[in-house]
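The values are calculated or read from the model by the stated rules, or taken from the named source; none is laboratory data. Quantities reported herein were computed from a predicted structural model and do not represent experimental measurements. A quick note on method: Cβ atoms are made from the backbone with ideal geometry, for glycine too, and the neighbour counts reach across all protein chains shown.
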Amino acid sequence: MNSLTSLLKIKYPIIQGGMGNISNAILTAAVSEAGGLGTIGTGTMTPIEVEEIIKETKKRTEKPFAVNVALTVSPFVQEILSLVMKYNVPVVSLSAGNPAPYIAKLHDQGVKVITVCATVHQAKKAETAGSDVVVAEGYEAAGINSAHETTTLVLIPQIIEAINIPVIAAGGIGDGRGLASMLALGASGVQMGTRFIATKEAPFHNAYKQQIIHASDHDTMIIGRSVGRIRRVLATDYAQKLLLYEQNGITLEEFNQLTSESFHIIGALEGKGNEGFMNGGQIAGLIRDIPTVQELLEKMVEEANKALERSLHYLSQMKGQ
């Protein structure tokens with residue numbers, strides 16, 4: 001156990017990223033059952049929808065899971081946090097906004113708080129506000145991204161130097177080598193989204209999974225830069241269409257409408273890459289199979305151990321020269 005696994009009461013230091021309106025109980029519970037921390041991303045879902053997913057997740061697992069609330073995205077922040085407390089969800093992940101107004105009340109109810117950050121300044125503020133853990137998310141990550149465009153490799157050590165609470169690395173991680181590299185940088189664990197999409201339990205359209213496992217190193221793209229709403233997605237026909245709209249001039253309001261969660265559902269759940277978008281991180285270029293979640297986590301830990309052992313062996317050889 002390390003500080004993160006002990007704090008969150010999980011076996012492996014591997015966290016599922018929030019997936020907005022395509023979140024579901026099946027995948028969330030599978031991640032928790034496998035020893036990680038499953039996460040329900042609430043997106044713009046109504047409290048009734050979120051409540052049903054929480055109830056179904058609790059039926060499927062007795063292990064800890066989290067609820068992610070994107071503070072400037074969800075119209076129902078207070079209502080969803082009330083559900084978290086009502087159903088004794090042990091962990092909340094707060095992103096896309098200031099977590100400070102919510103942390104004390106969550107702590108009063110025994111809820112651990114993870115805050116998602118993309119800069120050193122945000123991480124410091126999260127620690128000062130009382131966050132228990134910080135997720136440091138680099139530019140490689142899928143979905144809504146930071147305008148600072150800082151990569152995970154350089155972001156993680158800077159944040160670790162700046163704060164004294166556990167740091168989870170996110171963005172560009174999908175195997176044991178990525179886990180080992182982030183642990184070597186000082187992170188306490190990793191958060192993954194894209195890698196969990198390409199698993200057997202993930203109830204997403206097969207076209208979405210196939211798009212990921214056949215992706216090359218240049219099959220994700222950034223949209224929204226022209227309107228200050230950076231999002232990394234798979235390079236589908238719909239994403240190319242959005243980029244063309246940007247080149248021809250598009251307003252922020254128009255862009256937000258065309259990247260609303262309804263178009264996310266069309267891409268991810270209906271598999272219509274020409275009518276909706278599919279979030280995808282740069283790690284897609286390394287994903288080549290669709291294992292069970294249990295197989296994925298066990299293989300990652302095994303690979304990480306081997307990678308760290310190799311590194312120690314190389315270092316010992318260097319010292320002996």
message = Considering only the stretch 234-254, I want to know if a residue exists there that is closer than 29 Å to S32 by Cβ, in contact with a Gly (Cβ under 9 Å, 6 or more places away or on another chain) and surrounded by 16 or more Cβ atoms within 10 Å (Cβ to Cβ).
response = yes
inquiry  = Give me the strands (runs of 3 or more DSSP E) completely within the stretch 65-156, filtered to those with at least 2 residues that are surrounded by fewer than 24 Cβ atoms within 10 Å (Cβ to Cβ) and touching a residue at least 12 places away in the same chain (Cβ under 8 Å), ordered by residue number.
reply    = 112-117
task = Could you check, for the stretch 273-280, whether at least one of its residues is under 23 Å from G186 (Cβ atoms), more than 21 Å from the chain's Cα centre (by Cα) and surrounded by 12 or more Cβ atoms within 10 Å (Cβ to Cβ)?
result = no
task = Among the residues of the stretch 226-240, count how many are over 18 Å from E140 (Cβ atoms) and touching an Asp or Glu at 6+ places or on another chain (Cβ under 9 Å).
result = 4
query = Can T61 be described as modelled with pLDDT of 95 or more and either buried (at least 20 other Cβ atoms within 10 Å of the Cβ) or touching a strand residue (DSSP E or B) at 6+ places or on another chain (Cβ under 6 Å) (or both)?
reply = no
task = Go through the stretch 195-228 and give me each residue that's at pLDDT below 95, within 26 Å of T57 (Cβ to Cβ) and of a type in the set (S, T, N, Q).
result = N206
Some residue of the stretch 168-177 being in contact with an Asp or Glu (Cβ under 7 Å, 6 or more places away or on another chain) and basic (K, R) = yes
task = State which residue pairs qualify: first residue in contact (Cβ under 8 Å) with a residue 40 or more places away in the chain and inside the stretch 169-197, second residue acidic (D, E) and outside any helix (DSSP H, G or I) in any location, beta carbons under 9 Å apart, and separation of 6 or more residues or different chains.
result = A170/E137; A170/E140; G171/E137; G171/E140; G172/E140; I173/E140; Q191/E137; R195/D175
request  = Would you please name the residue that is nearest to the chain's Cα centre (by Cα), looking only at residues in the stretch 177-221 that are small (G, A, S) and assigned to a helix (DSSP H, G or I)?
outcome  = G178
query = In the stretch 92-146, how many residues are closer than 30 Å to I222 by Cα, in contact with a helix residue (DSSP H, G or I) (Cβ under 7 Å, 6 or more places away or on another chain) and not small (G, A, S)?
reply = 11
task = Might you check whether a residue that is buried (at least 18 other Cβ atoms within 10 Å of the Cβ) and in contact (Cβ under 8 Å) with a residue 24 or more places away in the chain occurs anywhere in the stretch 302-315?
result = yes
